[in-house]
Amino acid sequence: MYIVPETAIADLIDAEQSFDAVEAVFGAMARGDAYNFPVIREAIGHADALYGFKSGFDRAGLALGLKSGGYWPGNADKGLTNHQSTVMLFDPDTGRLRAVVGGNLLTALRTAAASAVSIRHLAPNGAKVLGMIGAGHQSAFQMRAAAGQRDFDRVIGWNYHPEMLDRLADTAAELGLPFEAVDLDRLGAEADVIVSITSSFDPILMDGQVKGGCHIACMGTDTKGKQELDPALLARGRVFTDEVAQSISIGEAQHAVAQGLIAEGDITQIGAVINGTAKGRGSDDELTIFDGTGVGLQDLAVAARVVDLAVERGVAVEVDF
Ligand code: NAD
C-alpha cells in the first residue's frame, strides 16, 4: 500500500485537477455509477471533538474508501489545524488497503472544486463580478477556483468578522483582481456569481438583496441547523446540489424544505446537468443556487487522483502491509 503524506499534497494536485476529478464523480453519481454511504458524525465526549466518516464507492472511477476525521477545537493552541482528516482507499477487487492520504488540503481543494463546477455549468456566461461571503480558511481556495470559471473583472466581499477581510483582499491581489469590501445590499445587487462559505446558523443574504441574474454557490451549510441564505431565495431560484438527500437534511435546502417553500423534487443533481440529462441555466436573468453539502465521493475522487500522481512521480511511500 501507499502513503501520501499531507505535506506532499500541495505539490501533487492543483485546482484544475481537483475540478476534473470532482466533475467526473458528480457525473458518475447522477448516472448511478457512484454512491455515498450513510455519514457518521459523533461528538466523542473527549477534547470537545466531533469525529466521523464519509465513505462511498465510485464504480466508474474504481474509488472505494472513506474520509475519517472531524473537528478538534483545541488544536489551534497546539499549532495544529482544528479540522483534521485522512483518506483511506481500498482496492475494490480485493478489499485490500491501497492507500492512506492526508485529507486536510484535499478537503479545501475538493470543496472549492465543487463550487467551481457549479459556476462552470450554471453561472451567467457574461459574469464579471464575483461576490464572496465569508473570509475563513476555505474562502481563499473558493475564490481561486471560482476565478478560473468566468472572465471576472473584480471581486467584492463581505464577512461577519470584518477583521478577516484581508484574506479576501490578499487572494484577489494574488489573482490580479481588484477587491472591495461592501455591505450585503451592494454584494447582492452587483455580484453575478456569489460564493458563500461561512459557519453561520442564521440567514445572511436576504431575498430582496439579490438583483438580476445570478448564480449562488452556497458552500458553508453542511450540518443540521447551519444556514446562509434566506429560504425565499431558494423558492425564487432554481436549486441544484451535489446530493439531494444531503441537501434536504444537512444542506442549505433543509430550511426551505422544512418551511414547505420547495420540495425534494424541485432540487436537481448537478451531475445530471454535467451529463446533459437535466437543464441547467435557462437565461442570463435567472437565479441559480448550488447547495454544496460535501460528499465523501469528492474526497475519494481527489485522493485517488493524488495517489496516481504520487506513484507516477515516485513520491508515494510504499509500505508492505
Ligand atoms: P473558518 O472557521 O476558517 O471560517 C468561518 C467563517 O464563517 C468566517 O468567515 C467567519 O467570519 C464566518 N462566521 C462565523 N460565525 C458567523 C456568523 N455567526 N455569521 C456569519 N458568518 C460567520 O471556517 P472554514 O474552514 O472557512 O469553513 C467555513 C464553513 O464551510 C464551515 O461551516 C465549514 O463546516 C464549511 N465547509 C463546508 C464544506 C462542504 O463541502 N460544503 C467543506 C468544508 C467546510
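A compact table of results
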| read-out | value |
| --- | --- |
| Considering only the stretch 54-195, percent of DSSP beta bridges that pair antiparallel, nearest 5 | 60 percent |
| Shape of the stretch 1-75, Cα gyration tensor, a/c cut at 1.5 | oblate |
| Relative packing of peptides 164-170, 209-215 - highest average C-beta neighbours within 10 Å first | 209-215, 164-170 |
| Hydrodynamic radius by Kirkwood, which averages 1/r over all alpha carbon pairs of the stretch 155-203, in angstrom | 11.5 Å |
| Semi-axis lengths, Å, the chain, gyration tensor of Cα atoms, sqrt of 5 times eigenvalues | 31, 22, 20 |
| Most mobile of Asn159, Asn75, Asn275 in a GNM of the chain (Cα contacts under 10 Å) | Asn75 |
| Ranked by how many other beta carbons lie within 10 Å on average, peptides 84-97, 126-139 from highest | 126-139, 84-97 |
| Overall dimensions of the stretch 185-321 as given by Cα atoms, namely Rg and Dmax in Å | 17.7, 60 |
| Surrounding net charge for Asp266, when Lys and Arg each add one and Asp and Glu each subtract one, Cβ distance under 12 Å | 0 |
| Antiparallel content of DSSP bridges confined to the chain, in %, to 5 | 50 percent |
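Values in this text are rule-based calculations from the coordinates and carry no lab data. Computed from a predicted structure; not experimentally measured. Note that we place each Cβ from the backbone using ideal geometry, even for glycine, and neighbour counts take in every protein chain shown.
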